[in-house]
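**Q** Have a look at the structure that comes next, please.
The values are calculated or read from the model by the stated rules, or taken from the named source; none is laboratory data. All figures in this text were calculated on a predicted structure; none of them were measured in a lab. Using ideal geometry, Cβ is built from the backbone for each residue, glycine included, and neighbour counts are taken over all protein chains shown. In case anyone asks, the SASA skips ligands and DNA or RNA and just uses the protein heavy atoms, side chains included. Shrake-Rupley method; radii C 1.70, N 1.55, O 1.52, S 1.80 Å.
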Protein chains: 2
Amino acid sequence: MVRTARFSTEHFIDAAIALVAAGGPGAATMQAVARHVGAPTGSIYHRFESRSAIFAAAWNQSYDTLVGALAPLLLAGRPREAALALLPWASEDRDRARFLLLHEPVSLFEDAPPPEPLRQEMERLESGMDQAFRACIARTGDGAIREEDLARAKFLIFDAPIAILRPHLLAGSAFPPFVGQMIAELHAGVPIARTGRGADDTQAA
Amino acid sequence: MVRTARFSTEHFIDAAIALVAAGGPGAATMQAVARHVGAPTGSIYHRFESRSAIFAAAWNQSYDTLVGALAPLLLAGRPREAALALLPWASEDRDRARFLLLHEPVSLFEDAPPPEPLRQEMERLESGMDQAFRACIARTGDGAIREEDLARAKFLIFDAPIAILRPHLLAGSAFPPFVGQMIAELHAGVPIARTGRGADDTQAA
DNA sequence: TTCATTCTAGAATATGCATTCTAGAATGAA
DNA sequence: TTCATTCTAGAATGCATATTCTAGAATGAA
């Protein structure tokens with residue numbers, strides 16, 4: 001090759017994740033990212049075509065680890081274990097968890113949309129997670145998938161556990177033992193699929 | 001008084017809420033707020049000393065309606081009804097719900113902190129909500145309040161129902177009937193207080 | 001060696017936007 | 001009427017920051 005690079009894409013991505021985790025998307029300016037890495041601002045543009053591109057790459061890398069932690073358990077038909085797997089995943093890298101779970105993607109990309117290949121990768125990852133959820137409830141249910149059942153599963157396995165973790169992510173404090181208990185209790189008390197057990201008690205119209 | 005004003009604080013607050021609801025905090029620039037109202041940008045500064053001040057005023061106004069909807073039920077020891085009250089509250093004004101529930105306050109105030117009186121009002125409102133939660137679990141429990149019990153209550157009554165509503169707020173679609181059922185089922189399956197009695201919570205007795 | 005390539009380094013540019021400023025108009029009180 | 005006050009109206013200012021540009025250095029191939 002030619003001249004050896006001092007700053008890699010990984011360096012910039014890690015810096016962006018750390019800065020967003022610490023101070024929100026607005027804190028991750030190009031100058032801040034460069035300063036965090038010790039590089040001149042211009043060097044970032046040898047790796048990423050825009051600020052959106054860094055965020056998209058960071059998001060993809062982070063979300064990919066999340067899919068890696070949850071999807072196998074979902075595909076194996078183990079929703080409770082998938083929900084509980086969020087805990088070690090979030091403990092493993094707090095910056096990554098804060099980056100991914102504490103900010104709506106819209107606030108990362110409101111200036112400009114990410115470049116096309118990265119956007120497609122985002123869609124691919126989200127679609128993969130969606131497929132895993134569908135596979136999971138197809139196992140426990142009767143095969144047909146209603147939107148309601150998918151929404152239930154996503155809530156019980158993903159959104160609710162995250163809501164349990166969020167206060168501690170926001171505070172930057174360690175997860176107390178009861179967060180795992182709450183997730184377990186949630187899954188003990190509320191069935192993933194309404195069909196299959198005698199749990200239908202709530203009715204409106 | 002003197003010259004009659006054409007543009008009121010309410011106009012600017014409503015515009016800010018609508019713009020944040022539609023495009024996130026970054027979309028609510030001072031020029032955008034002014035344009036939305038039909039006022040010159042300078043006129044905003046006769047009502048608010050800064051952009052943070054508009055956001056803080058909008059947040060306080062919105063959160064106040066939320067406290068008004070939930071606190072009485074919490075103080076009356078009706079956690080399940082409080083959780084269900086989020087549904088009509090969010091349906092009543094979608095922009096307000098999106099403004100308040102879809103964005104971390106940190107992203108509203110990352111440029112500058114809100115002016116002191118507004119910041120104090122924010123604290124007062126949040127503290128009021130906190131007190132209502134404490135009062136609620138003090139009723140159902142044995143009087144002593146552990147942090148764990150408070151976290152459970154906030155999750156079951158507030159964060160979990162919001163997590164159920166969020167996908168539909170994000171999509172801008174109407175709430176399907178099953179969201180209310182999911183909230184009810186959650187409260188039927190998971191008790192607010194681990195100590196105390198069996199699962200039955202509200203004044204059904 | 002020479003050269004194209006791919007970097008570092010950091011200055012320069014351009015743009016968007018919060019905030020301030022200037023000018024003048026409406027209003028009620030004295 | 002005159003005047004202080006509180007607005008409208010919108011231009012001007014200044015700053016932060018994303019992006020581009022200039023200059024030069026390292027590297028491997030020819």
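**Q** Can you confirm whether A:I17 is open to solvent by less than 40 Å² (accessible area, probe 1.4 Å), away from DNA strand D (no atom under 15 Å from the Cβ), touching a Phe, Trp or Tyr at 6+ places or on another chain (Cβ under 6 Å) and β-branched (V, I, T)?
**A** Yes.
**Q** Taking only segment B:1-14 into account, find how many residues are surrounded by 18 or more Cβ atoms within 10 Å (Cβ to Cβ) and within 11 Å of DNA strand D (Cβ to nearest atom).
**A** The number of residues fulfilling the criteria is 2.
**Q** May I ask you to list pairs of residues, at least six apart or on different chains, whose Cβ atoms are under 9 Å apart, with the first in segment B:3-27 being at positive phi and the second being away from DNA strand D (no atom under 16 Å from the Cβ)?
**A** B:G24/A:E104; B:G24/A:V106; B:G24/B:L102; B:G24/B:H103
**Q** State yes or no: is B:F48 part of a helix (DSSP H, G or I) and either closer than 19 Å to B:R166 by Cα or open to solvent by less than 40 Å² (accessible area, probe 1.4 Å) (or both)?
**A** no
**Q** In segment A:20-40, which residue that is within 11 Å of DNA strand D (Cβ to nearest atom) and open to solvent by 60 Å² or more (accessible area, probe 1.4 Å) is nearest to the other protein chains (Cβ to nearest Cβ)?
**A** It comes out as A:Q31.
**Q** Please return the ranges of helices (runs of 4 or more DSSP H) entirely within segment A:51-147 where 1 or more residues are within 14 Å of another protein chain (Cβ to nearest Cβ), open to solvent by 40 Å² or more (accessible area, probe 1.4 Å) and free of Cβ contacts under 8 Å to residues at least 40 places away in the same chain.
**A** Where helices (runs of 4 or more DSSP H) fall fully within segment A:51-147 and carry at least 1 residues being within 14 Å of another protein chain (Cβ to nearest Cβ), open to solvent by 40 Å² or more (accessible area, probe 1.4 Å) and free of Cβ contacts under 8 Å to residues at least 40 places away in the same chain, they are A:105-108.
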